[in-house]
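Colleague: Sharing a structure here in structure tokens format.
The values are calculated or read from the model by the stated rules, or taken from the named source; none is laboratory data. All of these numbers come straight from a predicted model, not from anything done at the bench. Neighbour counts are summed over all protein chains in view; Cβ atoms, including those assigned to glycine, are modelled from backbone coordinates with ideal geometry.
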2 protein chains.
Amino acid sequence: MGQLDKELLQELLDVSEKELTPKQTKIVQAAIEIFSEKGFAAASTSEIAKRAGVAEGTIFRHYKTKKDLLISIVLPVISKFAVPFLAEQFLNEIFEGEEFEEMDQFLRKVIYNRYEFVRKNTALLKILLQEMFYHSEIQDTFKEIYMEKIAPKYRNLMEQFLTKDQLESIPMETIFRLTISTVLGFLLTRFIIVPDYDWDDEREIEYTIQFIKNGIKGLS
Amino acid sequence: MGQLDKELLQELLDVSEKELTPKQTKIVQAAIEIFSEKGFAAASTSEIAKRAGVAEGTIFRHYKTKKDLLISIVLPVISKFAVPFLAEQFLNEIFEGEEFEEMDQFLRKVIYNRYEFVRKNTALLKILLQEMFYHSEIQDTFKEIYMEKIAPKYRNLMEQFLTKDQLESIPMETIFRLTISTVLGFLLTRFIIVPDYDWDDEREIEYTIQFIKNGIKGLS
DNA sequence: ATCAAAAATGAGTGATTACTCACTCTTATT
DNA sequence: AATAAGAGTGAGTAATCACTCATTTTTGAT
């Protein structure tokens, strides 16, 4: 279950880090598997070492503590999950050439993009989802990225889609909340809560887009 | 933070159980606090005993294992969270006398009702939210209650609100998914993810209702 | 081939874990 | 007052925990 692509892993952890030794990569892969299977607190360093095919001491050569290992795995995922689809390049593709397009287009692009990300990184996101409640470093990183990267860009973007009526009467935070919880609700349901159900993904995505679009349209 | 009302606790655990001794009540209260603060796996029975003002052995008089304690706390919450607002009495209040009313009314009633429940039981629901991923007993109970109690009643109810067009074209599972994830998204955001934000609850609830109603209406 | 630095090892550490059990205390019934 | 049963106790147990460190192995530049 959930074999980890080595290149993908490297890309995830390489954000600003130096390279990992082969054994270090093994350790990180094993840690991701076990953390997501039984949770951080219930995972033991001895089991991680065993599954990585490595002496337990090797873990502590590279990571001062077990929690250090968790943090080094989990923090880069937050950036990778939140930031890229708000990068300039991504936005330009939406507003290419002609007039800016409908909210449909934007939502569809975002959802398909994040769908792929979640599909490839389910284990990592399960860890993140679980541990964010207990580790303030994770919460702080979330807050920082949301406030500095996501909120301002998304706000600008939404203003393009909304009428003057809507902009005056509906608080932007509410629109964020409803949009994000619908999209995350879809992704979590699809990949974490009931992944074994026989979903018709294209159809579900299309319904989700229409639900958000009409839901927001009806608020004013 | 999160002091536990003793009567409320009794009511929760009394579903079909015998009474608890005073010390047992203390144990359950302490366990709820500590489980929700640090998670089940990171909570130690010695700390629970200490906070309950009880010898550690007393815990194991009443519960065979630490996990037994968790399960005895968490399973009744699932029923209490899911079932009551679908009880006959509750539904009768909505369809009282005249014609059946709008979807608005139903959603408003459900949301306010569950809002109060979540407000009073935040710690319990945080435990449930965390541990459902690791304990199959919890998942099974969820599935059972959803399939036997919630889905069939909610299906009947929704059929009252939807036109023939909608009933034929939109799968009911999709409507469930969108509705539930929007409502849970609101409650989780409000009470667990960002409880310290200065929410205007009445306004948010009203927006949430309109969002769902118009979102579904637009699907056909 | 030499050798210094980095990587890896695994036996060993004290602390903590969930759980046991022989025993005492409390309570209610007679 | 006697007694039986359940509630409560807390010292004790083996297992496991995260982490250390003296030592060995691997690596890469010369």
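Colleague: For segment B:152-170, does any single residue satisfy the condition of being of a type in the set (Ser, Thr, Tyr), away from chain A (no Cβ under 11 Å) and part of a helix (DSSP H, G or I)?
Modeller: yes
Colleague: Here is a further query. Among the listed residues A:191, A:117, A:176, A:211, which satisfies the condition of being touching a residue at least 60 places away in the same chain (Cβ under 8 Å) and part of a helix (DSSP H, G or I)?
Modeller: A:191
Colleague: Continuing with this model, one more query. Under 6 Å between Cβ atoms, which residue pairs at least 6 apart in sequence (or on different chains) link something in segment B:43-62 that is free of Cβ contacts under 8 Å to residues at least 12 places away in the same chain with a partner that is near DNA strand D (Cβ under 6 Å from one of its atoms)?
Modeller: What qualifies is B:46/B:56.
Colleague: Could I ask something else about it? I want to confirm something. Restricting to segment A:197-208 and keeping residues that are touching a residue at least 24 places away in the same chain (Cβ under 8 Å) and either surrounded by 18 or more Cβ atoms within 10 Å (Cβ to Cβ) or not assigned by TED's automatic domain parsing to the domain that holds residue A:158 (or both), which single residue is farthest from residue B:178 (Cα to Cα)?
Modeller: Filtering segment A:197-208 for residues that are touching a residue at least 24 places away in the same chain (Cβ under 8 Å) and either surrounded by 18 or more Cβ atoms within 10 Å (Cβ to Cβ) or not assigned by TED's automatic domain parsing to the domain that holds residue A:158 (or both), the one farthest from residue B:178 (Cα to Cα) comes out as A:205.
Colleague: Right, residue A:144: away from chain B (no Cβ under 14 Å), in a helix (DSSP H, G or I), within 30 Å of residue B:40 (Cα to Cα) and modelled with pLDDT under 95 or not?
Modeller: Against the criterion (away from chain B (no Cβ under 14 Å), in a helix (DSSP H, G or I), within 30 Å of residue B:40 (Cα to Cα) and modelled with pLDDT under 95), residue A:144 qualifies.
Colleague: While we're looking at this one, here's another question. Is at least one residue of segment B:176-183 facing chain A (nearest Cβ under 7 Å) and of a type in the set (A, V, I, L, M, F, W, C)?
Modeller: yes
Colleague: Further question on the same structure: Going through segment A:32-52 one residue at a time, which ones are away from chain B (no Cβ under 14 Å) and within 14 Å of DNA strand D (Cβ to nearest atom)?
Modeller: The answer is A:45, A:46, A:48, A:49, A:50, A:51, A:52.
Colleague: Please work out if residue B:203 is in a helix (DSSP H, G or I), under 14 Å from residue A:175 (Cβ atoms) and more than 7 Å from chain A (Cβ to nearest Cβ).
Modeller: yes
Colleague: Now for a different question. Tally time: how many residues in segment A:119-134 are facing chain B (nearest Cβ under 9 Å), within 11 Å of the chain's Cα centre (by Cα) and surrounded by fewer than 18 Cβ atoms within 10 Å (Cβ to Cβ)?
Modeller: 1
Colleague: When the residues of segment A:53-76 are narrowed to those that are closer than 22 Å to residue B:134 by Cα and more than 14 Å from every other protein chain (Cβ to nearest Cβ), which ends up farthest from DNA strand C (Cβ to nearest atom)?
Modeller: Filtering segment A:53-76 for residues that are closer than 22 Å to residue B:134 by Cα and more than 14 Å from every other protein chain (Cβ to nearest Cβ), the one farthest from DNA strand C (Cβ to nearest atom) comes out as A:74.
Colleague: Conditions: (1) more than 24 Å from residue A:129 (Cα to Cα); (2) within 11 Å of DNA strand C (Cβ to nearest atom); (3) buried (at least 16 other Cβ atoms within 10 Å of the Cβ). Residue B:43 meets all but one. Number of the miss?
Modeller: (1)
Colleague: Now for a different question. So which of A:216, A:175 ends up being at pLDDT 90 or above and under 21 Å from residue A:113 (Cα atoms)?
Modeller: The match here is A:175.
Colleague: Next question. Quick one: what pairs do we get from segment A:150-173, first residue within 18 Å of residue B:204 (Cβ to Cβ) and assigned by TED's automatic domain parsing to the domain that holds residue A:212, second assigned to a helix (DSSP H, G or I) and among the charged types (D, E, K, R), C-beta under 6 Å, 6+ apart or different chains?
Modeller: If the second residue must be assigned to a helix (DSSP H, G or I) and among the charged types (D, E, K, R), the pairs left are A:172/A:155.
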